[in-house]
Amino acid sequence: MKHNIRIVLLVLVLIISSVDAALAETRGGESLPGRIALVTVPCPTCALLGLTNDATLITSQAELLKIGVDAAYPRDGCYILAKDIIWNGTAATPIGAYNLPFTGHFDGYYNGRKHTISDAKFSSAGDYVGLFATTRQATIKNFGMINPAITGRNYVGGIIGYDYAGTLISHCWMEGGSVSSNAFVGGITGSTENSLGLITPHGISTCYVIDTAVSDTAGSSGGSGGIAGRNGDATVRLEYVYFASGLSTAAGSSNKRPLAGHRNIAFHVPLSSLAHCYYDKGLFGSGDIYYESLGRSTSQMTTQSTYAVWDFDTTWGMDAAGVFNRGYPYLQGYDDYSVSPGGEGSIDEGSLTVTYDSDTGELVVNITGTASKICRIQVISGDVASLNGQVNTRAVSVDCSAVDTRIPISGTGEITVRVTSQFDISQYAEVTFTLSELPGEPGEPGEPGEPGEPGEPGEPGEPGEPGEPGAPPVSSSVSIRPALSGFDKNPAGPEYRDVTVTLDPDTLTLLFIKYNNNLVAAGGDYTVSGDVYTFHKEYLATLSLGQQVLTFIMSDGTSLDLTIVVRDTRQTEYVVIQDFGIFAGSGDCSAVINADKNKFVRLMSGGYEVDPSFYTVLDGSTVITLLEDYIKALAGGTYSFTAEFTDGYAFLTLIVLRESALQVSAMQNDVSQTDVPQTYDIRNTLGWVIVLIICLCGMIYVWGRCKGRRNRT
C-alpha cells in the first residue's frame, strides 16, 4: 500500500513540474523554437535613464521605421544606430506623431564611431515632420543626416519636428539637403519647448548644420532658424553649435534668424540661452539685430581660434587644408581608415581610387581592405547638371561596396571631383576630367543622287544565326520639381499667385493632368513652356481647402503627383489641439479643434466631402471622431482632412497602418512549422490540463483499488 502511494505522489510531482514548465514557455519566459529575437547589446546609458538594460540595434531603413509602429520597437525604447543607412529613395512617415512622441534613447555611436543616415526623405502636407515627428524627454545623439529632403507644413526640423519638453540633442549634424516648411522650421528642430516646466537646462548641444538649405516657404510670422525654428523657453539652451548655410524665407516672413528663430514671449531668444554659438554671416546673408555678435566671416569660421573654448582634443576637429567639411569644425568619432591625398590613395590595409569613364559618363570608385564603404562624392570645381541622378547637387553619399561602383555625372567643361570617406579628413582621391558636350544637331540632308542601273539579282545567302536577345528596356526617371507647393485663395495674400513646376520627362511624354477624376485643361487651367508648367491662380482658387493633388500621367503609365496645400488667409485657420493620429487596426480616431462646434460645416478629404455618417461631431471645442468602420475601408497611408467652419478651417491628418505594417515582426518570424506556440497560447495550456485530469482520474482509481483490498483483508 505505502509503495503504491509513493508511486502516485512521484507521478503527481512529475506532472506538476511538466505543466509548470509548459506554462512558463507559453508565457514567453524563454525564446520559443523558430522565433527570431531582436539583436540587442548592453547599454549603460539606457539603464541610467531607467529605460532598459539593453539597446536594440538599428541596421537598416526598415528597422529604423519600425520604431513606434512595431510592438517590438516601442517609442520609449533604447536604440543604437549600428550601420550607415542610405535611403531607398521613397518618402517615409516620421517616427512618432503629434500625440505619440518618441520618449526613448537614440544613439548613433557603435563599434568605435558615429554613423549616418543619407538621402532620407520625409514629406507631408501636415505638421510635425523630421526624422522624429515629436519627442518628449528623449535623448538623441551621435549621428549625422546627410543630404536629407524634409518638407512639411509647420514644425519641421532635420532631426525633430517638435519637442514638447526635456529632449537633449547632442553630437549630431546636418550636411547638405534641404529642410522646408510654412513656419517654425529649423536645421535641427522645428520647435523645442518646455511644456513640463523643467528647471534643468536642455536643448541642443555640440551640433552643426552645414550646406543644408533651410527655408520658410509661406511668409508667416512663425520662426525660421538655422538650428531651431522656435525656442520656447529660456531653459531651452543652444550651446557649442554653428550654422554654415543659407536660410531663405518667403515675402512677409518675420523672425528669421541664423540660430534660433522665435521665442514665445519676447519673440527672440535671448543671448543668455545661446552659449558659444556661431554662424557664418557670409552664407546667412544680412546680419541679425539680436545675434550680430555671434556672426563670423567664412574665413573666421574655418579658423580654429574662433572657437576659443571648444574642445578640439576629444570632441571637435578641423582640417587646416580645407578638404574635409570644407574646413569647418566636424565632430570626432567616425574615423575609419586613412588614405593619402592624390589621384589614388593607398594604405597598408587597402586602397581608394576614382577614375572617369568618358564612354559612359560615369565616375568609377573602388575601395578595398576597409570595413566601411560609404563614400562622399563631391564636385570641387566646375559645373555639373546632375550627380548620381540628383539634379542641382554637388555632393552625394554612395555605398561603394561593389567593385567598380559607378556614379553617373553630367554637365560640360572641366570638372574636379573628390572622393572621400565621410568619416575621416585624411583620406581622399581626386580626379579632374572634361565632360563631353552633347552631340550637335544633325545637318540638313544632301540632294539625292541619280539612281544607278539595277544589278543582276544575286544568289540567296545562307540563313544567319539567331541574334542575341535585346537588352531589357531601361526604366525612365521622371520627376516634378517642386513636388509640394502652397496657394492662398486670398487675392491680397502673398501666396495668391501662379504655381510653377518643372517636369523632367526623361524619354517620356505627358498624356494629361488630372485632379481627382477631372482633366486639368491645358491652355486654360495651365500653360506650358518647354518643361515648365504654370498653373494659373484663377484655376487654383477653385480648388478645395487643404491638401490637393494634381496627377501627371505619362506615356508609359507612370503617374507623378504635385501636392498643393490650399489656404485662405481671409478666414481663421483654427488650432488643432489633437490630431487624428495613427489608426493601428481598431478603434475610432478623434481630433480636437479649438473652434465653436456650432460653426462646423463639413469634413473634406481630397476635394470630396466625407459622408457625415462616417464621423461624429461633439462639443468640447470641436471633437471630430472618425468611425472605425470608415477607417478600416481605407488603404494604408497618410490621409489629409479639412474641417470647414462658417468662418474658418483646420487641417487634420490620419495615418492608417495596415496589417502588413503592424505584423512585420510576425512575418520575419515565419518558419516552416505552422504550429509554433505563441505567448499565452491557450492550445498548449489546454493540452497539459487534459493530461493532468486524466492522471488525477488514474490516481483516484488506484487509490480506490488499494482501499478495496484493505477492506477485504
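The values are calculated or read from the model by the stated rules, or taken from the named source; none is laboratory data. Please read these numbers as outputs of a predicted model, since none were measured by experiment. Heads up, the Cβs are rebuilt from the backbone with ideal geometry, glycines too, and the neighbour counts pull from every protein chain shown. For accessibility, only protein heavy atoms count, side chains too; no ligands or nucleic acids. Shrake-Rupley method; radii C 1.70, N 1.55, O 1.52, S 1.80 Å.
The figures follow:
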| read-out | value |
| --- | --- |
| FRET efficiency, Asp561 to Thr298 (Cβ-Cβ, R0 35 Å, nearest 0.05) | 0.35 |
| Counted charge near Thr103, where neighbours are those whose Cβ lies closer than 14 Å (Asp, Glu -1; Lys, Arg +1) | 0 |
| 21 Å Cα-Cα threshold exceeded, pairs from Lys121/Lys632; Lys599/Lys632; Lys83/Lys121; Lys66/Lys121 | Lys121/Lys632; Lys599/Lys632 |
| Computed lengthening from Asp404 to Phe512, 0.36 nm per intervening residue step minus Cα-Cα distance | 34.8 nm |
| Net charge of Cβ neighbours under 10 Å - reference Ile210; Lys, Arg +1; Asp, Glu -1 | -2 |
| Accessible-area value, Ile693, 1.4 Å probe, nucleic acids and ligands omitted, Å² | 90 |
| Nitroxide proxy distance, nm - points 7 Å out along Cα→Cβ at Thr90 and Thr534 | 3.7 |
| Accessible carbon and sulfur surface of region 476-555 relative to its total accessible area, %, 1.4 Å | 49 |
| Potential extension, Tyr630-Arg497 segment - 0.36 nm per residue separation minus Cα distance | 44.2 nm |
| Net charge, Leu510 excluded, C-beta distance under 13 Å - Lys, Arg +1, Asp, Glu -1 | -3 |
